[in-house]
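Below is one structure, written out as structure tokens, with a few remarks after it.
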Amino acid sequence: MQAIDLNADMGEYADKAQQEVEAALMPLVTSCSIACGGHAGTAETMRLTARLAKTHNVKTGAHPSYPDREGFGRRALSTSLEELRLSLSLQVEALKGVLATENMTLSHVKPHGALYNEAAKNIDLARIVASVSTDAVLVGPAGSALESAASETGLRFSPEGFVDRLYLASGALTPRSEPGAIIADIEARAAQALAIAKGEKIKASDGALVVRADTLCIHSDSPGAVDTAKAVRKTLEHAGVAIRPFA
């Protein structure tokens, strides 16, 4: 039977409404990546999110980023590699410390935002991310510099696909600044999830492509995230695709 993981980026909320969205989303996914202070997140939000994940038996990973709370980690900062390594290490270790108090372990590391996009192309950045991932699974785009860095260091790599983002034929995500970069229709999101899970071609903004993935991301801050997760699960299960953690 085909199987795939459903993941969501969590612990990024700044208000009660988004916290409630994440609480409703958690039972619908099988893994989550928790913001750990770079672009969002505090010790308290990390703890609350970890406890919620534990309640629903959801695998828990770190979601580190450029140290850019003002820009929500969506800007590529011109910082030295060593400064970035230190920042990422502190972020991941902060989450590990929280998880340890809850008798939980770190399953994976998935960089956020601009760091995710830049490390997918830049092997030096990818090696920095890999260096703070230690024994955890490294998550990123298939065929990227992140996958190469994981291979170099003997880390397990989990290729990721996105259900709510429009791709370019190159495999990169369409920039958020471009029209249609966020797929708005929930049924279209579910259809893209199924196509990725089954290794079929999906529509891109400039053509088509096949996205290799064993985990699918549902952004918790995208409008309709909870309904999207429900639709994706229903579509996958109806097609005989099992939903289970990758780690």
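The values are calculated or read from the model by the stated rules, or taken from the named source; none is laboratory data. None of these values were measured; they are calculated from a predicted model. Cβ sites come from the backbone with ideal geometry, for glycine too, and all protein chains shown count toward neighbours. With ligands, DNA and RNA removed, areas are computed over all heavy atoms of the protein, side chains included. Shrake-Rupley method; radii C 1.70, N 1.55, O 1.52, S 1.80 Å.
Suppose we keep only residues that are among the β-branched types (V, I, T) and open to solvent by 10 Å² or more (accessible area, probe 1.4 Å) within the stretch 1-53. Which one would you say is nearest to the chain's Cα centre (by Cα)? Walk me through it before giving the result.
The first filter runs over the stretch 1-53 and keeps only residues among the β-branched types (V, I, T), leaving 4, 21, 29-30, 34, 42, 45, 49.
Among the residues that remain, those that are also open to solvent by 10 Å² or more (accessible area, probe 1.4 Å) are: 21, 30, 42, 45.
Numbers: V21: 17, T30: 12, T42: 18, T45: 17 Å.
By that ranking, first place goes to T30.
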Only one residue in L90, L95, L106 is open to solvent by 10 Å² or more (accessible area, probe 1.4 Å), assigned to a helix (DSSP H, G or I) and closer than 22 Å to V129 by Cα, so which one is that?
L90
List, please: which pairs have Cβ atoms under 9 Å, are six or more places apart or on different chains, and start with a residue in the stretch 12-28 that is within 13 Å of V226 (Cα to Cα) and at pLDDT below 95 and end with one that is open to solvent by 60 Å² or more (accessible area, probe 1.4 Å) and part of a helix (DSSP H, G or I)?
Q19/L48
Of a type in the set (K, R) and in contact with a strand residue (DSSP E or B) (Cβ under 6 Å, 6 or more places away or on another chain): is that true of K121 in this structure?
no
List the number of the failed condition for K203; all other conditions in (1) open to solvent by less than 50 Å² (accessible area, probe 1.4 Å); (2) assigned to a strand (DSSP E or B) hold.
(1)
Would you confirm whether any residue within the stretch 59-76 is assigned to a helix (DSSP H, G or I), in contact with a Lys or Arg (Cβ under 8 Å, 6 or more places away or on another chain) and either closer than 30 Å to D124 by Cα or touching a residue at least 40 places away in the same chain (Cβ under 8 Å) (or both)?
no
Would you mention how many residues in the stretch 196-247 are touching a helix residue (DSSP H, G or I) at 6+ places or on another chain (Cβ under 7 Å) and at positive phi?
1
Checking A150 against (1) more than 23 Å from A76 (Cβ to Cβ); (2) outside any loop (DSSP other than H, G, I, E, B); (3) not acidic (D, E), the condition it does not meet:
(1)
Pairs needed: first member in the stretch 193-213, farther than 23 Å from A8 by Cβ and in contact (Cβ under 8 Å) with a residue 40 or more places away in the chain; second member anywhere, of a type outside the set (S, T, Y) and open to solvent by 50 Å² or more (accessible area, probe 1.4 Å); C-beta distance under 9 Å; at least 6 residues apart or different chains.
L209/K201; L209/K203
Do we find that P67 is within 26 Å of R176 (Cα to Cα), open to solvent by 40 Å² or more (accessible area, probe 1.4 Å) and within 18 Å of the chain's Cα centre (by Cα) in this structure?
yes
